[in-house]
Amino acid sequence: MTGGERRRIVVIGGGVSGLTAAYRLRRTWGQEAEIVLVEQAEQLGGKLGTVDLAGCSYDVGAEAFLVRRPEVLALAEELGLRDDVVHPGPASATVRAGGRRCRIPTGTVMGVPAAAESVRHLLSDEGVAAVRAEADLPPLHLGGADVSVGELLRNRVGDEVVERLVEPLLGGVYSGSADGLGLRATIPALAAAFDAGAESISAAVTAALPPPSPEGQAKPPVFGAFRGGYRSLIERLGQRSSAQPRLGLPVRSVVPAGTGWKLEIGSAPSPEVLDADAVVMAVPAPSARRLLSDAAPGAAEHFATVELASMAVVGMALPPETRLPEDSGVLVARGERHADGTPFTAKAFTFSSRKWPHLRGANGEVLVRASVGRFGQVAELRMDDGELLRNVHADLAELTGIRAEPVDSVVARWGGGLPQYGVGHLDTVAGIEDAVAAVPGLAVAGATLHGVGVPACVATGEAAAAEITRHLSLQ
């Protein structure tokens, strides 16, 4: 397309990253741009999914967002959704480890303790001694290098901290193993503390902990969610972006054409051809690798190194008289078993109606969410929906004593839903971004880059829109 014509921008991927990019581009270009949003699925939202469970809008993808990051709250304010943001109640979480369910301790960073006393209730005497002795080990210097979270901590504070605390927490975010995840991408506050001169795990955690709230002042909320589920955010972004949604259509190829781009979408026998002035690619790593193999082969090579974990979420509505534990939920450490030796299927439960007081079924039903799936473990995800529901219901009974049968349920499966941030992930991302920056009119966004949480994904969508705007402004 040449000067004077209406610019066409194609956004590939209808998750929150792609929708944010489309919205920001519309805000910048107004009606000067035609924005086309191509999504392979039949609906927008990506890994944000809201369903109706017992008459309640219930999220079965991402559950919440970190409030300390500003992106989602700022976006909600801009979209007129700020009054829909809610925060959890006061209940705290627990972890099932070593055959017991215990509270998750304070004074830790992603489960890594600053002092042995804070984790005494979770570890054996030997485990506590290992944490206490860590400060007397030879000074630890990373020298700017990345390391495996599991390897670093096992060598310094022992296996129990990794297996009973750190891995359940990291698994809740990435569905990954602590031994396969890199420190700099997954616990950046600890890496920064080492870079600033900390020479032990305990010193790094102490430096990374947030300052305590002033006396008499309540702690600010850590998490937020939307009263009507993420559906409200997705729908509002779609409306305000005024993008032309092309749903249920795979993108077959993306190639440079003159000063713009040519895309093939739809079925292989008769693909539709789209011309574009610029392209935003907000898709998972395997799709990005395939689509960029010709246009940005260096980026494609880096995307190819990112592994993904799959997971499932099981939502259950229990009878209104069901009494939930006083906790917000429970994480389940790898390898935990029922009293009869049966392994747990679920890796975590959220007692949703306890954690989020607004979440109740239309007739008062109590809602519970189970998460299933760890990287490298696929047996659980091969179960059909009925078997998965039966197993997580049995897990709930084992953990809490609740045996009431669900009056409604839902199973949502997220194949390849979570990228694994392995050792050196920041270098991988830098390689992707450098290679893409060398290709005019192309930008990337999504969970592969700078965080799997919703605020981080929103930030990548905004950055991609800014890059496309910069490029088009020079045309």
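The values are calculated or read from the model by the stated rules, or taken from the named source; none is laboratory data. All of these numbers come straight from a predicted model, not from anything done at the bench. A quick note on method: Cβ atoms are made from the backbone with ideal geometry, for glycine too, and the neighbour counts reach across all protein chains shown.
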(request) Specify which of the listed residues (ARG374, ARG369, ARG334) is buried (at least 22 other Cβ atoms within 10 Å of the Cβ) and closer than 21 Å to THR94 by Cα. (result) ARG369
(message) Which residue is farthest from LEU73 (Cα to Cα), if the candidates are limited to the stretch 86-125 and must be β-branched (Val, Ile, Thr) and touching a Gly at 6+ places or on another chain (Cβ under 9 Å)?
(response) VAL119
(request) Report whether or not THR342 is in the same structural domain as VAL410 (by TED's automatic domain parsing), closer than 26 Å to GLY111 by Cβ and within 18 Å of the chain's Cα centre (by Cα). (result) no
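Residue by residue through the stretch 226-238, note down the ones that are outside any helix (DSSP H, G or I) and of a type in the set (D, E, K, R). It would help to see each step written out before you state the result.
First, pick out the residues of the stretch 226-238 that are outside any helix (DSSP H, G or I): 226-230.
Hit for the stretch 226-238 is ARG227, nothing else.
Yes or no, residue by residue, for (1) over 28 Å from LYS47 (Cβ atoms); (2) within 28 Å of the chain's Cα centre (by Cα):
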position	(1), (2)
ALA196	yes, yes
LEU237	no, yes
ALA257	yes, no
LEU291	no, yes
HIS302	no, yes
GLU307	no, yes
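Every residue, every condition in (1) in contact (Cβ under 8 Å) with a residue 60 or more places away in the chain; (2) of a type outside the set (D, E, K, R); (3) out of contact with any helix residue (DSSP H, G or I) (no Cβ under 7 Å at 6 or more places or on another chain), yes or no:
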| position | (1), (2), (3) |
| --- | --- |
| VAL16 | yes, yes, no |
| ALA21 | yes, yes, no |
| GLN31 | no, yes, yes |
| GLN40 | yes, yes, yes |
| PRO70 | yes, yes, yes |
| CYS102 | no, yes, yes |
(request) Check off (1) more than 19 Å from ARG374 (Cα to Cα); (2) touching a residue at least 60 places away in the same chain (Cβ under 8 Å); (3) touching a helix residue (DSSP H, G or I) at 6+ places or on another chain (Cβ under 8 Å) for ALA116 and give me the number that stays unchecked. (result) (2)
(request) Provide a single number: the residues in the stretch 208-225 that are more than 16 Å from THR106 (Cα to Cα), in a loop (DSSP other than H, G, I, E, B) and among the small types (Gly, Ala, Ser). (result) 1
(request) Would you check if there is a residue in the stretch 391-405 being assigned to a loop (DSSP other than H, G, I, E, B) and in contact with an Asp or Glu (Cβ under 9 Å, 6 or more places away or on another chain)? (result) yes
(request) Check VAL452, VAL410 and return the single one that is crowded, with 17+ Cβ neighbours inside 10 Å, hydrophobic (A, V, I, L, M, F, W, C) and in contact with a Phe, Trp or Tyr (Cβ under 7 Å, 6 or more places away or on another chain). (result) VAL452
(message) Looking at (1) surrounded by 23 or more Cβ atoms within 10 Å (Cβ to Cβ); (2) closer than 30 Å to THR20 by Cα, which one does LEU165 not meet, given that it meets all the others?
(response) (2)
(message) Could you list, ordered by first residue, the pairs with Cβ atoms under 7 Å in which the first is in the stretch 315-328 and touching a residue at least 60 places away in the same chain (Cβ under 8 Å) and within 12 Å of LEU359 (Cβ to Cβ) and the second is of a type in the set (Asp, Glu) and not in a loop (DSSP other than H, G, I, E, B), at least 6 apart or interchain?
(response) ALA317/ASP408
(request) Look through the stretch 115-156, keep the residues that are acidic (Asp, Glu) and under 29 Å from the mean Cα position of the chain (by Cα), and return whichever of them is surrounded by the fewest Cβ atoms within 10 Å (Cβ to Cβ). (result) GLU151
(request) Give the stretch 333-360 a look and list any residue that's touching a helix residue (DSSP H, G or I) at 6+ places or on another chain (Cβ under 7 Å) and either assigned to a strand (DSSP E or B) or of a type in the set (D, E, K, R) (or both), or say none. (result) ARG334, LYS347, ALA348, PHE349, ARG360
(message) What's the total number of residues in the stretch 140-198 that are touching a His at 6+ places or on another chain (Cβ under 9 Å) and assigned to a helix (DSSP H, G or I)?
(response) 4
